[in-house]
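Visitor: Before anything else, here's the structure in question.
The values are calculated or read from the model by the stated rules, or taken from the named source; none is laboratory data. Treat the numbers as computed from the prediction; the structure is a model and nothing was measured. For neighbour counting, all protein chains shown are included, and Cβ atoms are generated from backbone atoms with ideal geometry for every residue, glycine included.
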Amino acid sequence: MTSYRIMRFSHLAYPEARNMFAAEVPDPNGLSYREIQEKLFSLSLVYSNSFSRAMIDLGNEAHEVVYDLEPMQKAWGREIGVKYEGNDWAIPIALRQIATLKPDVIFFQDMTLPYTFRQYVKDMFPFVRLTLGMRSFPSLFDELRGFDVFFTGAPLLVEIFKWHGLEARLLYHSFDDHVLSKLERDFGPTVDPDINFSFVGSSGCNRGLAQSDRYWALHELVKETDIKLWLDEKIEEPEKEEIPQPDAGLEVPTVEIEPQAVQTSAAAAEIESLSLWARMKRLIRPYNNEPEAAEEVRADQPAPEMAVPEEPENKRDDPTIPLRKLFPDRYQGTVFGLDMYRILRRSKVTFNRHVNLDRPEVGNMRMFEATGVGACLLTDTGGNIRDLFEPDQEVLTYESVEECLEKYRYLMEHENIRRSIAAAGQRRTLTVHTMRRRCEVIDEIIRRKL
């Protein structure tokens with residue numbers, strides 16, 4: 001096969017990102033699907049259209065579906081004539097998009113669509129020859145085994161998923177280098193950074209133990225440095241947003257759907273009913289305690305090990321007070337998309353710390369976003385760091401808050417070294433960590449499989 005048609009399903013993950021889209025497109029009702037989509041992608045929110053752009057450059061036909069963005073999906077539904085009942089719009093429209101576009105390959109960027117939607121898509125649509133998935137968190141292994149290829153963002157996770165019977169491949173996150181042309185319209189070809197030290201992202205407040213180390217590291221940095229914070233924080237545990245699903249009797253035009261193909265997974269529903277800490281323990285247990293299901297897959301070898309946070313002995317370990325309340329003078333707001341890239345571009349140094357469960361390996365999105373726009377990245381280290389960047393030459397790494405403080409102060413006293421590291425990190429990212437480079441890997445695997 002010389003080329004193929006691929007469709008990527010993703011979602012607009014963060015409520016604040018939705019708010020930013022709504023502010024940019026306050027009245028989408030008079031706009032077409034294509035017009036709304038162009039406005040969405042112009043903001044570079046979350047995944048944007050970097051995947052489809054790269055796949056088209058590689059000679060394929062590619063389509064992006066942000067299945068949970070209501071005004072955009074409903075615009076598509078109106079234009080095609082999709083029927084649905086009440087608020088049950090998401091699944092009928094997504095199914096009709098598959099039926100209309102007839103992709104050879106479907107790539108599920110995340111696992112937020114119902115399990116049975118992903119599980120039965122090839123049965124419902126025989127023209128779909130391959131399904132690909134991606135997840136960088138070890139969970140729900142039984143539900144993931146139906147993918148032809150499964151990507152994950154750390155070498156240890158590849159081994160864990162393989163041990164559980166998945167055809168897992170390593171695929172790190174990446175940088176959308178088209179962001180640079182958008183930033184150049186704001187700043188010109190060069191920028192003189194005016195923010196000494198920044199952090200952009202989730203502080204870890206009300207996120208449980210998975211992000212507690214980040215919270216307390218930021219807490220210490222605020223007291224010891226001039227760091228400015230652009231935070232995504234929740235004052236209380238966020239409620240799970242429900243994506244509308246059709247009931248079993250709903251007919252979707254031109255698509256025959258088995259009733260079980262529109263029901264959520266019982267296992268997933270059970271997990272979601274648990275508290276965050278209990279949920280984390282349930283998700284991690286399969287490869288730490290080697291349950292019978294996993295032993296059947298790889299009875300000849302022990303499961304790979306990953307660090308698991310311990311139950312906190314005191315509440316200091318499980319942060320619940322937002323940093324924006326503790327340090328209101330450092331809190332600068334919440335940013336996503338181009339606004340986030342603008343802050344990173346203006347930063348001399350930006351701080352990064354992975355969630356606890358990523359360790360002992362690294363590779364989150366911020367590593368590539370920050371270096372891609374030219375910030376000097378100060379990040380926690382991991383066993384695979386040299387696969388991504390040369391430590392202390394292309395990024396600065398630390399193993400403790402004390403070392404982080406020491407290296408930040410050194411950078412502030414040695415501007416030429418800071419500039420050199422920032423430039424080297426950007427060169428590395430623009431050479432090997434772009435979405436185009438990642439899609440070359442995906443494309444090669446797809447062509448071998450078809």
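Visitor: Restricting attention to region 341-364, which residues are among the hydrophobic types (A, V, I, L, M, F, W, C), at pLDDT 95 or above and farther than 15 Å from residue 425 by Cβ?
Guide: 343
Visitor: I've got another one for you. Here are some conditions: (1) surrounded by fewer than 21 Cβ atoms within 10 Å (Cβ to Cβ); (2) at pLDDT below 95. Residue 180 meets all but one. Which one does it not meet?
Guide: Of (1) surrounded by fewer than 21 Cβ atoms within 10 Å (Cβ to Cβ); (2) at pLDDT below 95, only one is false for residue 180: (2).
Visitor: As an exercise: evaluate residue 161 against (1) crowded, with 19+ Cβ neighbours inside 10 Å; (2) in contact (Cβ under 8 Å) with a residue 24 or more places away in the chain; (3) aromatic (Phe, Trp, Tyr) and give the number of the one condition it does not meet.
Guide: (2)
Visitor: Pull up region 353-393, narrow it to residues that are surrounded by 24 or more Cβ atoms within 10 Å (Cβ to Cβ) and among the polar types (S, T, N, Q), then point me to the one that is nearest to residue 421 (Cα to Cα).
Guide: 371
Visitor: Let me ask something else. Does residue 396 fit the bill of being in a helix (DSSP H, G or I), aliphatic (A, V, I, L, M), out of contact with any Ser or Thr (no Cβ under 6 Å at 6 or more places or on another chain) and surrounded by 19 or more Cβ atoms within 10 Å (Cβ to Cβ)? Please lay out each step first, then the result.
Guide: On the way: in a helix (DSSP H, G or I): no; aliphatic (A, V, I, L, M): yes; out of contact with any Ser or Thr (no Cβ under 6 Å at 6 or more places or on another chain): yes; surrounded by 19 or more Cβ atoms within 10 Å (Cβ to Cβ): yes.
Spelling it out, it is not the case that residue 396 is in a helix (DSSP H, G or I), aliphatic (A, V, I, L, M), out of contact with any Ser or Thr (no Cβ under 6 Å at 6 or more places or on another chain) and surrounded by 19 or more Cβ atoms within 10 Å (Cβ to Cβ).
Visitor: Considering 110, 57, 88, which residue is modelled with pLDDT under 95 and within 20 Å of residue 41 (Cα to Cα)? Spell out how you get there, then give the answer.
Guide: Values: 57 fails: modelled with pLDDT under 95; 88 fails: within 20 Å of residue 41 (Cα to Cα).
Criteria check complete, one pass: 110.
Visitor: How many residues does region 120-140 contain that are within 21 Å of the chain's Cα centre (by Cα) and surrounded by fewer than 20 Cβ atoms within 10 Å (Cβ to Cβ)?
Guide: Pass one, region 120-140, residues within 21 Å of the chain's Cα centre (by Cα): 131-140.
Applying the additional criterion that residues be surrounded by fewer than 20 Cβ atoms within 10 Å (Cβ to Cβ) yields 131, 136-137, 139-140.
Number satisfying all stated conditions: 5.
Visitor: Could you grab the pairs with beta carbons closer than 6 Å, sequence gap of 6+ or different chains, first residue in region 316-336 and under 18 Å from residue 15 (Cβ atoms), second one among the hydroxyl-bearing types (Ser, Thr, Tyr)?
Guide: Final answer for the pair search is 324/331.
Visitor: Looking at region 1-110, what helices (runs of 4 or more DSSP H) fall wholly within it and have at least 3 residues that are surrounded by 19 or more Cβ atoms within 10 Å (Cβ to Cβ) and of a type in the set (Val, Ile, Thr)? Before you say what the answer is, go through the steps one by one.
Guide: Details: elements: 15-24, 33-42, 50-57, 70-80, 90-101.
Correct list: 90-101.
Visitor: Another one. Would you be able to say whether some residue in region 123-134 is in contact with a strand residue (DSSP E or B) (Cβ under 8 Å, 6 or more places away or on another chain) and of a type in the set (D, E, K, R)?
Guide: Yes, some residue in region 123-134 is in contact with a strand residue (DSSP E or B) (Cβ under 8 Å, 6 or more places away or on another chain) and of a type in the set (D, E, K, R).
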